[in-house]
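The structure appears below as structure tokens.
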Amino acid sequence: GQEPEVKISERPEIDRWIISLLNSLIKEVENCYENYEPTKAGREIQEFVSENLSNWFVRLNRKRFWGGEMNTDKISAYQTLYTCLDTIARLASPIAPFYSDKMYRDLNSVSEKDKSESVHLTKFPEFNEALIDKSLEERMNIAQKVTSMVLALRRKVSIKVRQPLGKIMIPILNEDFAEKILAVKDLILAEVNVKEMELLRDTSGILVKKIKPDFKVLGPKFGKSMKIVAAAITVMTQENIQTIEAAGSIVVNSEGQSFDILLSDVEILSEDIPGWLVANEGAITVALDINITESLKSEGIARELVNRIQNIRKESGFEVTDKIQIEIEKQEFISEAVASHKSYISSQTLAVSINLLDKLEHIEAHFVEIDNNISTRLWVYRA
């Protein structure tokens, strides 16, 4: 708690994003308590902590937390996390009194920022409207959605995240959407381990979509006219589907009547393209190229190898900063991967040398399996 506070304007975008969400959360939770809705308040806090703070902010910033010198970037990461945890303790204190007090006191015993002995003697947090950036929140929400969709497609065909893939294609609904997705493009590609993103302004001939009426919604909304509306939806063209996705609604005329159809009234599905997998969520569509070239396969093996070496380092009780030497028994695919990605493997594992041997029979060598029918023996020792 001795470092000077990093100004919000100096913080990286991901710090400003979580602070924006935190202030939105304070506003929402205060409103829930004032309306005697503690369950809703608890759910809002839970979603913020699990989905945004833990699954995104902390996970994406591991390198900043573990970084060497205590520079402005590292201080900002810790101060942002501290602010979130301290605020969560105060927000949750009415509904989780003991846990919140324990967390508050643990934080405050180190920082000594607050003179209060208990979280229940502190002031309830106040939100700062100036720190809420809805545009930034929307950009990150797009990044989270697209990442989640691509990872789900990988799981569908059992392609591990450590295996790089070539490309994702995303149809552009409008220029505002294009701007937002380009702002988080690098973050998405890094998260899903894909090399390239192509934005499609014209999907004709590439993506074919189907539209289906959602009868549960249409029934109560249109009553006796439901069958007419459903029939009009099923004959919509690709252009009609693009319109309803981009605008959120479309007017259809059928049997002399006019009906306003919303995106929430229908279900839109994309047909898979040969060699690609396609997913939809709301207005966002993602197509993932699942073809694995020899070059991509080699890089995937190198990444798997790094993972196995890191596990051996941990099991062997090595310090994070210990330099190592690696000896690997030759195996066709592994030898190629090591030759092509030696500098990457070395930098990730702090290896000062990597030697490929015809036969490795050292007593401390580990047998490692990289993939089906790809395995070898490794010996990792301090340099």
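The values are calculated or read from the model by the stated rules, or taken from the named source; none is laboratory data. Every value quoted in this text rests on a predicted model; they were computed, and no experiment measured them. Positions of Cβ are generated from backbone atoms using ideal geometry, with glycine treated the same way; all protein chains shown enter the neighbour counts. SASA here: full protein model, heavy atoms, side chains in, ligands and nucleic acids out. Shrake-Rupley method; radii C 1.70, N 1.55, O 1.52, S 1.80 Å.
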Share of carbon and sulfur in the accessible heavy-atom surface of the range 128-197 [1.4 Å probe, %]: 49
Most fluctuating residue given options GLU361, GLU327, GLU198, as computed from a GNM of the chain linking Cα atoms under 10 Å: GLU361
Accessible area per residue, Å², the range 50-172 with all protein chains present, probe 1.4 Å: 54
Charge dipole (the range 143-298, unit charges on Cβ, about Cα centre) - positive-most of ILE273, ALA183, SER295: SER295
Surface share of carbon and sulfur [accessible, 1.4 angstrom probe, percent] for the range 256-383: 47
Entries in LYS180/LYS212; LYS180/LYS210; LYS74/LYS113; LYS195/LYS297; LYS145/LYS209 that, when Cα-Cα distance is taken, lie over 24 Å: LYS180/LYS212; LYS180/LYS210
Mean Cα-pair separation over length for the range 53-198, i.e. relative contact order, pairs under 8 Å, 6 or more apart, %: 17
For the range 110-267: rounded, prolate or oblate by the Cα gyration tensor [a/c cutoff 1.5]: oblate
Cut-off under 5 Å, modelled amide H: who pairs with ILE324 long-range: ALA351, VAL352, ALA383
Mean-position separation - Cα centroids, the range 1-56 and the range 223-296, in angstrom: 34
For LEU165, residues with placed amide H under 5 Å, excluding near neighbours: VAL194, LYS195
Accessible area in the full protein assembly, largest first, 1.4 Å probe, for GLU10, GLU239: GLU239, GLU10
Convex hull (Cα only) mean projected area of the range 194-333, reported in nm² to one decimal: 14.3
Computed magnitude of the charge dipole of the range 1-109 (debye, nearest 20; Cβ of K, R +1, Cβ of D, E -1): 280
Burial ranking of peptide ranges 83-89, 283-289, 332-338 (average Cβ count within 10 Å, highest at the top): 283-289, 83-89, 332-338
Loop-resident sites, the range 1-93, for chymotrypsin sites (Phe, Trp or Tyr not before Pro), counting at most 12 other Cβ within 10 Å (DSSP): TYR36
Phi-based couplings in Hz for the range 89-106 (Karplus 6.51, -1.76, 1.60; Gly and Pro marked x): 4, 6, 5, 8, 4, x, 10, 9, x, 6, 4, 4, 5, 4, 5, 4, 5, 4
Alpha carbon Rg of the chain, scaled by the compact-globule rule 2.2 N^0.38 Å: 1.24
Karplus-derived 3J(HN,Hα), 6.51/-1.76/1.60, for each residue of the range 346-352, Hz, glycine and proline x: 4, 5, 6, 10, 6, 8, 8
Per-residue HN-Hα couplings for the range 287-301 [Karplus 6.51, -1.76, 1.60; θ = phi - 60°; Hz; x = Gly/Pro]: 10, 10, 6, 9, 6, 9, 6, 4, 5, 5, 4, 4, 5, x, 5
